[in-house]
1. Please compute, for the alpha-carbon atoms of region 250-442, the extent along each of the three principal axes and give them in descending order in Å.
2. Show me the three semi-axes of the equivalent ellipsoid for region 39-151, from the C-alpha gyration tensor (sqrt of 5 times each eigenvalue), largest first, rounded to whole Å.
3. Using modelled backbone amide H atoms (1.01 Å from N, in-plane), which distant-in-sequence or interchain residues come within less than 5 Å of Gly298's amide H?
4. Report the Cα centroid-to-centroid distance between region 277-313 and region 164-186 in angstrom, as an integer.
5. Amide H to amide H, which residues 5 or more places from Ile157 or on other chains are under 5 Å from it, using H placed in the peptide plane?
6. Arrange the following residues from fewest to most other Cβ atoms within 10 Å of their Cβ: Arg154, Arg310, Arg256.
7. Which whole-number percentage describes the relative contact order of region 250-442, with Cα contacts under 8 Å and a sequence gap of 6 or more?
8. Local charge sum around Phe275 (other residues, Cβ-Cβ under 14 Å, Lys/Arg +1, Asp/Glu -1)?
Amino acid sequence: MRPKQWLVRGRGILDHKVVIRQRCTASDVAGQLSAALSKGRYQVGLGIALAIFLPIFARSLIMSKPLVAQQQYNTVIGASIAIVLSYISYRKINIFPGITSGGYVITSFTIWFGIFIFVLAIFRLDYTTVQFMASYTISVAFFLSLHLYIVNRRRVILGVVSSPSMAHLPQMGRVEWYHIEHPDEQVPELRGVVVDLNSDHVDAWSSRIASFALEGIPVYHIRDVIENLTGMVQIRHLSENMLGSLNPNDNYLIIRHIIDTAIAAVLLTLLLPLFCIVALAVNLDSRGPVFFKQTRIGFRNRPFTVYKFRTMTDRDGLPDDRGSAVTRPNDPRITRVGSFLRKTRIDELPQLINVVKGEMGLIGPRPEAVPLTKWYELEIPFYHYRHIIKPGITGWAQVNQGHVHEIVEVSRKLHLDFYYVKNISFWLDILIVLKTIQVMCNGQGAK
């Protein structure tokens with residue numbers, strides 16, 4: 001039997017449900033409890049019990065308020081729905097690589113509880129503010145504690161069926177690789193089994209791998225595991241079939257284009273006062289135009305003019321070649337105001353004009369200058385394939401790596417771009433927006 005016939009595919013390697021073997025010894029009680037709390041249904045159930053009913057009884061005892069009232073019904077329903085949607089949102093975001101902190105727990109719960117307060121206010125429905133805020137606070141504390149002290153600390157043991165392609169596996173935080181040397185070997189409790197499906201396996205190995213799948217242990221192809229753990233697609237080993245799998249969802253891109261255009265138009269209107277302030281600061285800091293315009297390569301390899309706030313000394317008279325197009329660390333051409341604009345990414349905001357014009361999206365690969373694009377296409381295989389979607393103001397590569405200029409760095413950035421193209425979705429876009437806000441606050445990756 002070929003392994004492909006029983007392959008169990010999954011996106012969230014670090015969060016896949018595992019069959020818990022029942023043990024009766026007292027020493028395993030803590031482990032069983034930890035394993036149970038790692039399951040979504042128990043987390044949500046216990047979270048609702050604590051965040052909903054605890055404030056109700058506390059409010060009744062302390063403030064002598066009735067347990068049954070219309071305000072209570074509206075508050076309980078609204079808070080319960082907010083908890084469920086917050087948990088779903090957090091878990092959807094958490095399937096992507098690089099999620100090791102609890103910041104997205106706080107973000108998800110804050111957004112959904114805020115939405116329900118807005119809905120209750122719009123429809124003039126009575127609710128208990130104190131109880132609603134208590135439910136929010138308890139929910140955040142409970143799920144954040146689960147994430148930091150149970151989910152995030154659990155070792156992820158992945159069994160590896162040894163083969164030459166498994167010689168160099170990446171070291172990824174709490175992921176532990178357990179090499180299975182023999183088909184009849186006893187193994188510890190595994191969160192998944194990693195196999196090279198391009199290798200031929202003897203009957204004994206095929207039978208053992210199939211038995212893993214029958215036991216409920218997910219079996220992954222090595223390439224999918226590496227992509228999901230690193231957030232990158234290895235471009236030097238792309239086959240014709242692999243390129244086909246990188247085609248993005250056209251229906252989602254059409255919907256997102258409409259949303260991007262509407263959001264960009266609204267933001268341009270709201271940010272007009274900020275644009276005026278920045279324009280004045282740029283003009284007072286150094287001579288030259290307020291806006292920097294450059295021809296870059298965009299969707300389907302078409303050139304377009306990108307707009308940014310000028311952050312360097314005036315480049316009039318400089319050749320538009322590869323050297324002048326590259327921004328290096330501590331580049332002396334960067335002005336004082338320009339340094340601040342780059343760290344906060346404010347210099348990128350005029351690209352909202354490109355979004356309204358349909359040349360860019362809010363999220364996508366970074367558009368590069370024409371000389372750099374020609375250079376990269378000569379040096380890096382498949383580089384032009386990144387133009388299969390519109391470039392973006394921010395993107396998966398931008399928030400994970402920042403600005404680059406060396407070929408090795410550009411190659412790694414292309415790995416990130418291809419991961420985004422292959423996995424483009426609403427939830428990945430939400431994660432990129434959250435990481436972009438984080439980058440704007442700490443200036444990470446700026447030059």
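The numbers here are math on the coordinates, done by the rules we state, and not lab data. What you see is a predicted model, and the numbers here were worked out from it, not measured in a lab. Positions of Cβ are generated from backbone atoms using ideal geometry, with glycine treated the same way; all protein chains shown enter the neighbour counts.
1. 45, 40, 30
2. Output for region 39-151: semi-axes of 26, 16, 10 Å.
3. The answer is Phe304.
4. 49 Å
5. Amide H neighbours of Ile157: Glu176, Arg191.
6. Arg154, Arg256, Arg310
7. 22 percent
8. Every neighbour counted, the sum reads 0.
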